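Engineer: Below is the structure I would like to discuss, written out as structure tokens.
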Amino acid sequence: MDRTEIAEMEPLPEGATEFVRRKLEDDHGYLSWLNTSVETIERGRVVLSIPFDEKLTNADGQTIHGGVAATLIDTAGGVAQRTTFEDPLDGGVATVNLNANYLRPANGDLRAEAEVVRAGGSIGVSEMTVTTAGNGGAARGGDRGSDGSRSEVVVGQGSFRLFRE
């Protein structure tokens with residue numbers, strides 16, 4: 001199914017959003033440790049965020065390690081695929097391939113948006129973008145524009161094996 005077909009699906013089942021939020025924010029050891037938050041979950045689209053924390057930075061103490069952004073796009077892309085299941089709580093998703101292009105240092109809160117490009121019977125493809133507001137401004141070399149806009153720090157694409165039940 002493509003974006004048009006996904007948009008025509010029924011809304012997510014009641015409770016699915018809260019279930020995913022609890023799983024990622026509270027129950028998942030690594031994602032919980034990163035302080036991952038679920039901002040949006042809808043058919044074919046997911047938005048996740050991770051706040052700036054010095055424990056996640058490179059040796060400079062100012063820029064977030066690229067692996068954190070990679071985790072964020074991987075998770076967002078996979079969860080977005082799950083929203084294409086009739087019941088997102090059934091089945092599973094596993095990453096087949098992940099491509100991350102780093103555009104600039106991330107030095108503030110991270111926000112990842114993932115959209116499903118296609119969800120087939122067994123393989124799905126998502127496109128993901130991570131942005132930062134450069135919280136901390138010049139003190140951490142922030143990328144925040146004068147209008148409060150966000151800067152892209154990573155763009156990526158992922159392929160995911162879909163285990164539909």
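The values are calculated or read from the model by the stated rules, or taken from the named source; none is laboratory data. Owing to the predicted nature of the structure, the values given are computational and were not obtained by experimental measurement. Cβ coordinates were reconstructed from backbone atoms using ideal geometry, including for glycine residues, and neighbour counts include every protein chain displayed. Surface areas here come from the heavy atoms of the whole protein model, side chains and all, with no ligands, DNA or RNA. Shrake-Rupley method; radii C 1.70, N 1.55, O 1.52, S 1.80 Å.
Engineer: Report, ordered by the first and then the second residue, all pairs with beta carbons closer than 6 Å, sequence separation of six or more or different chains, a first member in the range 76-89 that is more than 13 Å from Met1 (Cα to Cα) and in contact (Cβ under 8 Å) with a residue 12 or more places away in the chain, and a second member that is of a type in the set (Lys, Arg) and open to solvent by 20 Å² or more (accessible area, probe 1.4 Å).
Structural biologist: From residues that are more than 13 Å from Met1 (Cα to Cα) and in contact (Cβ under 8 Å) with a residue 12 or more places away in the chain, the pairs are Pro88/Arg82.
Engineer: Taking the condition of being out of contact with any Lys or Arg (no Cβ under 6 Å at 6 or more places or on another chain) and crowded, with 18+ Cβ neighbours inside 10 Å, how many residues in the range 99-116 meet it?
Structural biologist: Final tally of qualifying residues: 11.
Engineer: Right, next: Of (1) modelled with pLDDT of 95 or more; (2) surrounded by fewer than 20 Cβ atoms within 10 Å (Cβ to Cβ), Gly77 satisfies all except one. Which?
Structural biologist: In the conditions (1) modelled with pLDDT of 95 or more; (2) surrounded by fewer than 20 Cβ atoms within 10 Å (Cβ to Cβ), Gly77 misses (2) alone.
Engineer: Output yes when any residue across the range 53-60 is part of a strand (DSSP E or B), free of Cβ contacts under 8 Å to residues at least 12 places away in the same chain and closer than 19 Å to Val130 by Cα, and no when none is.
Structural biologist: Taking every residue of the range 53-60 in turn, at least one turns out to be part of a strand (DSSP E or B), free of Cβ contacts under 8 Å to residues at least 12 places away in the same chain and closer than 19 Å to Val130 by Cα.
Engineer: Anything in the range 1-26 that is farther than 12 Å from Glu42 by Cβ and surrounded by 12 or more Cβ atoms within 10 Å (Cβ to Cβ)? List them, or say none.
Structural biologist: Correct list: Met1, Asp2, Arg3, Glu5, Pro13, Phe19, Arg21, Arg22, Lys23, Leu24, Glu25.
Engineer: Check the range 95-115 and report whether any residue there is of a type outside the set (A, V, I, L, M) and within 18 Å of Glu165 (Cβ to Cβ).
Structural biologist: In the first step, residues of the range 95-115 are kept if they are of a type outside the set (A, V, I, L, M); the result is 95, 97, 99, 101-102, 104-105, 107-109, 111, 113, 115.
Filter once more, keeping what is within 18 Å of Glu165 (Cβ to Cβ): none.
No; the residues of the range 95-115 include none that is of a type outside the set (A, V, I, L, M) and within 18 Å of Glu165 (Cβ to Cβ).
Engineer: Checking Glu86 against (1) over 11 Å from the mean Cα position of the chain (by Cα); (2) modelled with pLDDT of 95 or more; (3) closer than 16 Å to Gly124 by Cβ, only one condition comes out false. Which one?
Structural biologist: Of the numbered conditions (1) over 11 Å from the mean Cα position of the chain (by Cα); (2) modelled with pLDDT of 95 or more; (3) closer than 16 Å to Gly124 by Cβ, the odd one out for Glu86 is (2).
Engineer: Also: Go through Arg150, Arg140 for me and flag whichever is open to solvent by less than 70 Å² (accessible area, probe 1.4 Å) and at pLDDT below 95.
Structural biologist: Answer to the check: Arg140.
Engineer: Does the range 36-44 contain any residue that is touching a residue at least 60 places away in the same chain (Cβ under 8 Å) and surrounded by 14 or more Cβ atoms within 10 Å (Cβ to Cβ)?
Structural biologist: Yes, the range 36-44 contains a residue that is touching a residue at least 60 places away in the same chain (Cβ under 8 Å) and surrounded by 14 or more Cβ atoms within 10 Å (Cβ to Cβ).
Engineer: Shifting gears a bit: Leu89: open to solvent by 60 Å² or more (accessible area, probe 1.4 Å) and closer than 21 Å to Glu39 by Cβ, yes or no?
Structural biologist: Details: open to solvent by 60 Å² or more (accessible area, probe 1.4 Å): yes; closer than 21 Å to Glu39 by Cβ: yes.
For Leu89, the condition - open to solvent by 60 Å² or more (accessible area, probe 1.4 Å) and closer than 21 Å to Glu39 by Cβ - is met.
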